[in-house]
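The values are calculated or read from the model by the stated rules, or taken from the named source; none is laboratory data. Remember, it's a predicted structure, so these values are computed and weren't measured experimentally. Positions of Cβ are generated from backbone atoms using ideal geometry, with glycine treated the same way; all protein chains shown enter the neighbour counts.
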Amino acid sequence: MGKLWDALKKAEREGHSDYVSEYEQTFEAPPEDYAGDYDLNLTSNMSEEYRKLFHVIKRIGEEQRKDLRLVLVTAAGFGEGVTTVAVSLAANLASDKRDSKVLLLDLNLRNPDVHRIFDFMPAPGIVDAVLDYEKRMEYFRASPLRLVPNLHLMTAGNTDLIQTNPSEILEHENLGKFLKELKGFYKTVIIDCAPIFPFSDAVSLAPIIDGTILVIDAQTTRWEVAAKARDHLMFADANVLGVVLNKRKLVIPKAIYRRL
């Protein structure tokens, strides 16, 4: 069993999250100021918006009396900003020292991109763990960033295996078991997923996910398409937490807009 797995198990037994220092000996983190070419929005005005989003999710969980640990982020179609929202939400949530460890999981097997943002190799990752479950301790990879030490990553995994049959992997019973196991280690798992059209990934994952966020491009996505995407999720009994309007442009100055 690897050092990371042993550390996670120890943290679970002891009821705290002191395992970071142990597996930093195994996985090398990037420099403090590095996260690829991606802006994590930790100090910008956007940070406030992502924190508001987290508090909305938390309030919904309290109202529903559910522990929303697995939160999936998807969209109606391509290019609506799912990965941007997922990464920024996870990073801002992890930067809040009051919260426990956060895992950003790349389950967008159609076009995995999280590893590129943080300049990691795609494998090993979730696909390797699902298909070789007995050796999942070896394939499990959470990569702490010094910039946001509470943020861990799990990439998509072996791209050759992904291209073979993504749907089969997403519907594999081991995936459900593994996600349930992750809930024992992380307070929140933010999942980047493929768009609803033309794929069924988000719909097929609905039964094992605690809540789903739908990202809509405010500039290009028609409301009929957005409504149809929501209906697909609802039909699959997904717990739709809400919609994030991305790429929204203000027609009046932001300072004035906020006073309205």
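Considering every residue within the range 118-128, establish whether at least one is within 30 Å of residue 248 (Cα to Cα) and assigned to a loop (DSSP other than H, G, I, E, B). Don't jump to the end; show me each part of the working.
Within the range 118-128, the subset within 30 Å of residue 248 (Cα to Cα) is 118-119.
Imposing the further condition that a residue be assigned to a loop (DSSP other than H, G, I, E, B) reduces the set to 118-119.
Scanning the range 118-128, I find at least one residue that is within 30 Å of residue 248 (Cα to Cα) and assigned to a loop (DSSP other than H, G, I, E, B), so the answer is yes.
Within the range 62-75, the residues that satisfy the criterion of being more than 17 Å from residue 244 (Cβ to Cβ) and either at pLDDT 95 or above or part of a helix (DSSP H, G or I) (or both) are 62, 63, 64, 70.
Every residue, every condition in (1) touching a residue at least 60 places away in the same chain (Cβ under 8 Å); (2) more than 22 Å from residue 55 (Cβ to Cβ); (3) surrounded by fewer than 21 Cβ atoms within 10 Å (Cβ to Cβ); (4) among the aromatic types (Phe, Trp, Tyr), yes or no:
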| site | (1), (2), (3), (4) |
| --- | --- |
| 155 | no, yes, no, no |
| 165 | no, yes, yes, no |
| 177 | no, yes, yes, no |
| 183 | yes, no, yes, no |
| 194 | yes, yes, no, no |
| 200 | no, yes, yes, no |
| 219 | no, yes, yes, no |
| 236 | no, yes, yes, no |
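Of the set (1) touching a residue at least 12 places away in the same chain (Cβ under 8 Å); (2) surrounded by 15 or more Cβ atoms within 10 Å (Cβ to Cβ), all apply to residue 207 but (2).
Among the residues that make up the range 180-197, is at least one of them part of a helix (DSSP H, G or I) and hydroxyl-bearing (Ser, Thr, Tyr)? Before the answer, list the steps.
Within the range 180-197, the first condition is being part of a helix (DSSP H, G or I), and the residues that meet it are 180-183.
Checking the rest, the ones that are also hydroxyl-bearing (Ser, Thr, Tyr) come to none.
No.
Please find, within the range 76-114, the residue that is modelled with the lowest pLDDT out of those that are of a type in the set (Gly, Ala, Ser) and closer than 23 Å to residue 167 by Cβ. Before the answer, list the steps.
Here is the first cut: in the range 76-114, the residues of a type in the set (Gly, Ala, Ser) are 76-77, 79, 81, 86, 88, 90-91, 94-95, 100.
Add one more test, that the residue is closer than 23 Å to residue 167 by Cβ, and what stays is 76-77, 79, 86.
Numbers: 76: 94, 77: 93, 79: 89, 86: 94.
Per the criteria, the residue is 79.
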